[in-house]
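Engineer: Before we start, here is the structure in question, set down as structure tokens.
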Amino acid sequence: MPRLISEINSGGGAVGIASDGVDLGNREGEIVDVIVGDDEVIIPKELVQYVGLDKLEKMNNRGKELMRAVQAASKEKQQGQA
């Protein structure tokens, strides 16, 4: 993802992305508090057309699968300790 963001930024587009994935453009009135994990980035809606919704959904689904696996392993570990 960092490489993808770098490529988009180097294209001279109007939308800027901070290193943490937060849009630097004029987003007045669109402030929302979010919790972002260490390896997560925020993709502004303006970039969806460049990245592709299908690609973003696939990346998100891989993250969901990983989280389910981590949660299952954690639950097994807790049950083993009880």
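Engineer: All but one of (1) assigned to a helix (DSSP H, G or I); (2) at pLDDT 80 or above; (3) surrounded by 10 or more Cβ atoms within 10 Å (Cβ to Cβ) hold for E7; state the number of the condition that does not hold.
Structural biologist: (2)
Engineer: Another question about this same structure. Quick check on I43: is it assigned to a loop (DSSP other than H, G, I, E, B) and modelled with pLDDT of 75 or more? If you could, list the steps in order and put the result at the bottom.
Structural biologist: On the way: assigned to a loop (DSSP other than H, G, I, E, B): yes; modelled with pLDDT of 75 or more: yes.
Yes; evaluated as a whole, the condition is true for this residue.
Engineer: Please work out which one of (1) over 22 Å from R3 (Cβ atoms); (2) of a type outside the set (S, T, N, Q); (3) surrounded by 10 or more Cβ atoms within 10 Å (Cβ to Cβ) is the condition I35 fails and give its number.
Structural biologist: (3)
Engineer: Condition check: in a helix (DSSP H, G or I), under 15 Å from the mean Cα position of the chain (by Cα) and either at pLDDT 65 or above or surrounded by 10 or more Cβ atoms within 10 Å (Cβ to Cβ) (or both). Does E76 satisfy that? If you could, list the steps in order and put the result at the bottom.
Structural biologist: Numbers: in a helix (DSSP H, G or I): yes; under 15 Å from the mean Cα position of the chain (by Cα): no; either at pLDDT 65 or above or surrounded by 10 or more Cβ atoms within 10 Å (Cβ to Cβ) (or both): yes.
Spelling it out, it is not the case that E76 is in a helix (DSSP H, G or I), under 15 Å from the mean Cα position of the chain (by Cα) and either at pLDDT 65 or above or surrounded by 10 or more Cβ atoms within 10 Å (Cβ to Cβ) (or both).
The values are calculated or read from the model by the stated rules, or taken from the named source; none is laboratory data. Small disclaimer: the values here were computed from a predicted structure and weren't measured. Quick reminder, even Gly has a Cβ in these numbers, built from the backbone with ideal geometry, and neighbours come from all protein chains shown.
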